[in-house]
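All of the numbers you see were taken from the coordinates with simple rules; none came from a lab. Remember, it's a predicted structure, so these values are computed and weren't measured experimentally. Cβ atoms come from the backbone with ideal geometry, glycine included; neighbour counts cover every protein chain shown.
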Amino acid sequence: MALGVNGTVPAPLIRFREGEEITLNVTNTLDEDTSIHWHGLLVPFQMDGVPGVTFPGIRPGETFQYKFAVPQNGTYWYHSHSGLQEQLGHYGPIIIEPKGADPVGYDREYIMVLSDWSFEDPYRIFKKLKTMSETYNFSHRTVPDFIEDAGEKGFGTALEQRAMWGGMRMSPRDIADVTGATYHFLINGHSTADNWNAVFNPGERVRLRIINASAMSIFNVRIPGLPMTVVQADGLHVRPLEVDEFQIGVAETYDVIVQPKDEKAYAFTAESIDRSGQVVATLGPRPGMKAKEPALRAVPTLTMKDMAMDHGSMDMGGDTASGGMKMAGMDHDMKGHDMDAMSDSAEVKRGPGVTKLAAMPMSRLDEPGLGLEDVPHRTLRYSQLRSLEPNKDTRAPEREIEVHLTSNMERYMWSFDGVKFSEVTEPIIFHEGERVRMTMVNDTMMNHPIHLHGMFFDLVNGGGNHMPRKHTVIVKPGEKLSVDITAEHVGDWAFHCHLLYHMHAGMMQVVSVLPNDGRNKPMSHDHPPSHKASMQMDGQDMKHEMSSHDMGAHDMEGHDMGSHGDHKMGGQH
């Protein structure tokens, strides 16, 4: 069963201009609640579209009016934040044209919406993962792999490492929870067999707006024989950077310029991070051409570095981890502040939902991502990204908070600081206008694309006053990654892993930005503060009251919902 918007999957392209006042009327024709979240758009929190956090959701038969001004431009997307509807096709692209001159020059553009599709019901997928988290993993290492390791590393080392993985009841091939065993990977709703086409004239500058709208799939993107120049990341301009391949996390967007000079077909290839599948589209000078599909590459393997054990284990006080750890090279960004004194971090303990803590988390910003370490061409690294424009807020952070990404993979439990969302009692508090450094420590062995609604992350990557600003960042296994955040927008904002089943299992929190006008809680919602909106996660209904702490495939090119007046959207099975 697919879930479409106005009859299409992906949902229709919405295109408007920076600064416009937008009104979108969303009518729910489903037999269940729904919602739309405008991913990366800086809208009032009442318009953010997260049931149980910012509004009650849209009931069957009801119409909800989204109304907001658009203060930005770039490539973004929208999707449901209700249950697992995103997996069923409830996602679509947003293009916001700049009100002034576009610093990116190009002759034509194409929107490339990457996604994963399964004919299995998403709740059945989740149930299988809860029953046996490795249900869809058919790439476990075998005896021949061990023999190969022994030949490369020596028998003793290979045996020791195999024993360590076994002792942790983990596998170095636990890369993706849901794989090509059930997924079909798509571009704009089309599989490789459909041969989606993008046409160019040799010598043209072609802009590809690439959106990863998958539920669970991180992709490595390349066009063999054709360099790509990255010009935007998450909708914001970056200094042009030429690469041959890049990793794109779930919910990230990258705009690239390609300039094919030869009159031949090129294979736009998005390969899943675990190499269980890929999707290929054709860029060619004539419609109907078909590029040769590259072969899938060898399955990558996690190492002790991914377990934050690359340099041996470190005593972290037994079974707890908390703030106070510093990342090499970060102190200069703090301009002399004592971050230990300003640290506001939860103590994380081992327990049913936390089976490991990273012994030696480290910066991995200069790594291209799993599987790309040894490829013989140029790859994108977060450390290379620089904002095209100077950062608006260059203040040093006033305080630091540390958030641990935690899990029990065997039981498919995912959380922040060992507490799943259904058991969270207090939000993370920001104060309006303050500058906060958030340091995320990945205590798990999986990549997590982390997204904060309502604010952008300034990624602390040595960029000085040109740090890249992103709405979603991949935190690699065993990594300690820091972002600076300016709490500009009062309200309650969702903060979560964008791997859909991780979020559904509980890897979510709420950031509440408190106003500085004497009130001690966020602005009142359209509903009374005592209203408790219901969400369903981890198979149970929850009541959330943070404000009281008080397959019809659809081509993207040319389809436009318009940019003026009122627009109507409706959900359909």
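Quick look at the numbers
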read-out: Cβ crowding within 10 Å averaged over residues, with 474-486, 110-122 ranked highest first; value: 474-486, 110-122
read-out: Violating pairs (Cα-Cα greater than 24 angstrom) within the set K128/K349; K128/K420; K128/K470; K349/K480; value: K128/K349; K128/K470
read-out: Projected label distance in nm at E426 and E347, using a 7 Å step from Cα toward the beta-carbon; value: 1.4 nm
read-out: Chain lengthening between T29 and E488 when straightened (0.36 nm per residue, less Cα-Cα); value: 161.7 nm
read-out: Highest-first arrangement of 493-501, 404-412, where packing means the average Cβ count within 10 Å; value: 493-501, 404-412
read-out: Estimated inter-spin distance, R15 and D517, nm [label 7 Å along Cα→Cβ]; value: 3.8 nm
read-out: Approximate shape of the range 377-470 as ellipsoid semi-axes (Cα gyration tensor, √5λ), whole Å, largest first; value: 27, 20, 10
read-out: Packing rank of 29-41, 441-453, where each peptide gets the mean count of other beta carbons within 10 Å, highest leading; value: 441-453, 29-41
